[in-house]
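Report on one structure; see the data block that follows.
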Amino acid sequence: MLVYLEDEPVAIYNVGGEFYATSDVCTHADGPLSEGKLKGNTIICPWHGSCFDVTNGAVLCGPATEPVKTYQVVVEGVIGRVV
Ligand code: FES
């Protein structure tokens, strides 16, 4: 799911009922991570296949070499906020 935090595109992920958020912008060549496939806690960039751990932004496979920015998701009842 893609949302915007001010002007920043942020991808939201549901991993087994826990919510995580990263920048939507892949650190390799700006691919849209919200359009990638989520497998467990790994998001796979749709453009060149880089893999990131959505829980901490770490690169799990290239070609990306830099981690993706993460955000905290706070859920209060049925409302979720990215902070
Ligand atoms: S833009 Fe994401 S792997 Fe290239």
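The values are calculated or read from the model by the stated rules, or taken from the named source; none is laboratory data. In this text, all values refer to a predicted model and were calculated from it rather than measured experimentally. Quick reminder, even Gly has a Cβ in these numbers, built from the backbone with ideal geometry, and neighbours come from all protein chains shown. Only protein heavy atoms, including side chains, enter the accessible area calculation; ligands, DNA and RNA are left aside. Shrake-Rupley method; radii C 1.70, N 1.55, O 1.52, S 1.80 Å.
When restricted to residues that are among the hydrophobic types (A, V, I, L, M, F, W, C), open to solvent by 50 Å² or more (accessible area, probe 1.4 Å) and near the ligand (Cβ under 9 Å from one of its atoms), segment 26-43 contains 0.
Taken over segment 44-81, the residue count meeting the criterion of being more than 9 Å from the ligand (Cβ to nearest atom), open to solvent by 40 Å² or more (accessible area, probe 1.4 Å), at pLDDT 95 or above and under 18 Å from Asn14 (Cβ atoms) is 3. Each residue in segment 34-43 was checked for being under 14 Å from Ile12 (Cβ atoms) and assigned to a loop (DSSP other than H, G, I, E, B), and 2 pass.
Test of understanding: among Thr65, Thr42, which residue is within 14 Å of the chain's Cα centre (by Cα) and polar (S, T, N, Q)? Talk me through it step by step, then tell me what you get.
Working: Thr65 fails: within 14 Å of the chain's Cα centre (by Cα).
Selected residue: Thr42, the only one of Thr65, Thr42 that is within 14 Å of the chain's Cα centre (by Cα) and polar (S, T, N, Q).
On the basis of being out of contact with any strand residue (DSSP E or B) (no Cβ under 6 Å at 6 or more places or on another chain) and more than 17 Å from Ile79 (Cβ to Cβ), does Glu35 make the cut? Yes; evaluated as a whole, the condition is true for this residue. Is it the case, given these coordinates, that His28 is assigned to a loop (DSSP other than H, G, I, E, B), over 12 Å from the mean Cα position of the chain (by Cα) and free of Cβ contacts under 8 Å to residues at least 24 places away in the same chain? The answer is no for His28.
If you go through segment 16-28 and keep only what is modelled with pLDDT of 95 or more and not hydroxyl-bearing (Ser, Thr, Tyr), you end up with Ala21, Asp24, Val25, Cys26, His28.
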